[in-house]
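To start, the structure itself, in structure tokens.
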Amino acid sequence: MITRVTVFLAAATLAAAAAAVELTGAQRSAIEDRIKPVGEICLQGDSSCGGAAVAAASGPRSGEDVYNGACMACHTTGAGGAPVLGDVAAWADRIAKGTAALHDAGVNGVPGTGMIAKGGCMNCSDDEIYAAVDYMVENSQ
Ligand code: HEC
């Protein structure tokens, strides 16, 4: 009698355990969907990433990314006399100075003007600033 009850309990326990596993399996995709936003990996250039996440990504940012993050505040509006992106006339004389001069202005700024060193992006590498300058030049001629 005792043996039979034990066997029955063991069988019932196994069945319950199996049911628990099956339930987990059925809900797995729903759970994965729920936790996905937290664990989602954000790759540079991925449009689903916010700007901050892109900035935190390792590896150099593209010139366009740097421009959008650090330069457009002035270079889209012309604030303080900044040459506006796409304004061919405003850029012609500057482009004529050559790439090296413009790269230097991007990294070190233009003394006495609103063009501060690196456009204020102090966590930008020199190469990232060069890329941003190149992006501005390419789109302004
Ligand atoms: C706070 C405003 C401001 C920000 C932000 C800014 N600029 Fe400028 N930028 C200026 C102004 C003003 C000038 C014009 C300076 C002058 O009178 O020659 C300028 C000029 C330039 C020039 C032309 C320099 C020359 O020698 O003709 C380059 C290149 C440039 N900026 C690159 C950048 C880049 C790259 C960024 C972002 C990383 C940036 N700027 C962010 C205000 C800004």
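The values are calculated or read from the model by the stated rules, or taken from the named source; none is laboratory data. Predicted model, so just to flag it, every value in this text is computed and none were measured. As a convention, Cβ positions derive from the backbone with ideal geometry for all residues, glycine included, and neighbour counts pool all protein chains shown.
I need the full set of residues from segment 89-115 which are within 13 Å of Ala70 (Cβ to Cβ) and more than 6 Å from the ligand (Cβ to nearest atom), in order please.
Matches in segment 89-115: Val107, Gly109.
Please enumerate the residues belonging to segment 116-127 that are surrounded by 15 or more Cβ atoms within 10 Å (Cβ to Cβ) and more than 8 Å from the ligand (Cβ to nearest atom).
Across segment 116-127, the qualifying residue is only Ala117.
Of all helices (runs of 4 or more DSSP H) completely enclosed by segment 14-116, which ones contain at least 2 residues that are under 23 Å from Gln141 (Cβ atoms) and at pLDDT 95 or above?
Output list reads 63-66, 72-75, 88-96, 99-108.
Quick check on Val137: is it surrounded by fewer than 19 Cβ atoms within 10 Å (Cβ to Cβ) and farther than 27 Å from Gly59 by Cα?
No: the conditions fail for Val137.
How about segment 74-100: which of its residues are within 22 Å of Glu128 (Cβ to Cβ) and surrounded by 13 or more Cβ atoms within 10 Å (Cβ to Cβ)?
Cys74, His75, Thr76, Ala82, Pro83, Val84, Leu85, Gly86, Trp91, Arg94, Ile95
Under 7 Å between Cβ atoms, which residue pairs at least 6 apart in sequence (or on different chains) link something in segment 63-83 that is in the same structural domain as Asp134 (by TED's automatic domain parsing) with a partner that is aromatic (Phe, Trp, Tyr) and at pLDDT 95 or above?
Note: pairs meeting the criteria are Gly63/Tyr135; Glu64/Tyr135; Tyr67/Tyr135; Pro83/Trp91.
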